[in-house]
Amino acid sequence: MRRIFVAGNWKMHKTIAEAKELVSGILSGLGQYDNVEAAVCPSYLAVPAVSELCEGTPLKVGAQNVYWEESGAYTAEVAPQMVAEVCDYVIVGHSERRKLFGETDETVNKRLKAALKAGLKVIVCVGETLEENEAGETEKVVTRQMKDGLADISAEQAMDITIAYEPVWAIGTGRAATPEDANHVHKDVIRPLLNAQFGEERGESIRIQYGGSIKPNNAAELFSMSDIDGGLVGGASLDAESFLAIIKAASKVLNG
Ligand code: PGA
């Protein structure tokens, strides 16, 4: 059975009070779309308050990053066990982390392993920049990010992973990839890599989200594609109504 997973990445937006208001709005409209898996990823500080409000509801909560050490002298970092206390999910390797904060495929892999060990489900982001896209390097870049980012992960561990394909040029620009182009990368680049590493049965069941300017008006078209199993939504997840509209679109696609 096809499953669609829609996650909201709130990035560095929303105070604790605003986060509580936003999640309350999302929760009040979510009940009707219970065939869709949904999650929100607030900033670290807002996570406990949002988690408390989501308890006993189908809405899952994720953090936007995690460190790989279990504890120690790592000022300002947050350990996997700390995240696991209040979250189901964590995002690793977001392009903003790669571009602005020195994230590499190697550190993505360290975070991924540590997060899985702590029992978290992990959304691993990959995606090419505009320059790489224009140079025809999408496949090469995404393949490297997948291979190095997922190095040494077992087939069993892979069941807790979601891949988010987020072409960097589509993030926050209002210029989403076309459903066909995104599906091509999911189906012909990412899926075969998953199948090769984890075996076909498991590879086929791993969800591949698309991310980059998903909006209520393009969500249904994207989610209708064969290998787009959901979305990682930035800007449009900061408003309850538009995030719910995207979840509704997913629900409709599933209902045929
Ligand atoms: P966007 O962000 O939906 O605002 O383009 C997506 C993301 O960065 O995860």
Looking at the range 1-102, what strands (runs of 3 or more DSSP E) fall wholly within it and have at least 3 residues that are surrounded by 14 or more Cβ atoms within 10 Å (Cβ to Cβ) and touching a helix residue (DSSP H, G or I) at 6+ places or on another chain (Cβ under 8 Å)?
-> 5-9, 60-63
Check whether at least one residue in the range 152-168 is within 20 Å of GLY93 (Cβ to Cβ), part of a helix (DSSP H, G or I) and free of Cβ contacts under 8 Å to residues at least 12 places away in the same chain, and report yes or no.
-> no
Contact list, first residue from the range 115-135 and of a type in the set (Asp, Glu) and outside any helix (DSSP H, G or I), second anywhere and crowded, with 17+ Cβ neighbours inside 10 Å and at pLDDT 95 or above, beta-carbon distance below 7 Å, six or more apart or interchain, is GLU128/THR138; GLU128/VAL141; GLU128/VAL142; GLU128/PRO167; GLU128/VAL168
Is there any pair linking a residue in the range 54-66 that is farther than 16 Å from VAL122 by Cα to one that is acidic (Asp, Glu) and buried (at least 19 other Cβ atoms within 10 Å of the Cβ), with Cβ under 9 Å and at least six apart or on different chains, and which?
-> PRO58/GLU37
Filtering the range 197-219 down to residues that are more than 16 Å from the ligand (Cβ to nearest atom) and either buried (at least 23 other Cβ atoms within 10 Å of the Cβ) or assigned to a helix (DSSP H, G or I) (or both) yields GLN197, PHE198, GLU200, GLU201, ARG202, GLY203, GLU204, SER205
From the list GLY256, GLY231, which residue is closer than 21 Å to LYS11 by Cβ and not basic (Lys, Arg)?
-> GLY231
Of PRO58, PRO48, PRO167, the only residue that is of a type outside the set (S, T, N, Q) and more than 23 Å from GLY230 (Cβ to Cβ) is PRO48
Contacts under 6 angstrom Cβ, first residue in the range 1-28 being touching a residue at least 60 places away in the same chain (Cβ under 8 Å), partner aromatic (Phe, Trp, Tyr) and within 16 Å of the ligand (Cβ to nearest atom), 6 or more apart = ILE4/PHE223; GLY8/PHE243; ILE26/PHE243
Search the range 93-111 for residues that are in contact (Cβ under 8 Å) with a residue 60 or more places away in the chain and pair each with any residue that is assigned to a helix (DSSP H, G or I) when their beta-carbon atoms are under 7 Å apart and the residues are at least 6 apart or on different chains.
-> SER95/VAL168
Please verify whether the range 118-129 includes one or more residues that are surrounded by fewer than 19 Cβ atoms within 10 Å (Cβ to Cβ), farther than 21 Å from ARG3 by Cα, of a type outside the set (A, V, I, L, M) and within 16 Å of the ligand (Cβ to nearest atom).
-> yes
For MET159, all conditions in the list (1) within 25 Å of TRP68 (Cβ to Cβ); (2) within 16 Å of the ligand (Cβ to nearest atom) hold save one; what is the number of the exception?
-> (2)
Yes or no: GLY93 within 16 Å of the ligand (Cβ to nearest atom) and more than 21 Å from ALA219 (Cα to Cα)?
-> yes
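The values are calculated or read from the model by the stated rules, or taken from the named source; none is laboratory data. These numbers come from a predicted model, not from an experiment. All Cβ positions, glycine included, derive from the backbone under ideal geometry; neighbour counts span all protein chains shown.
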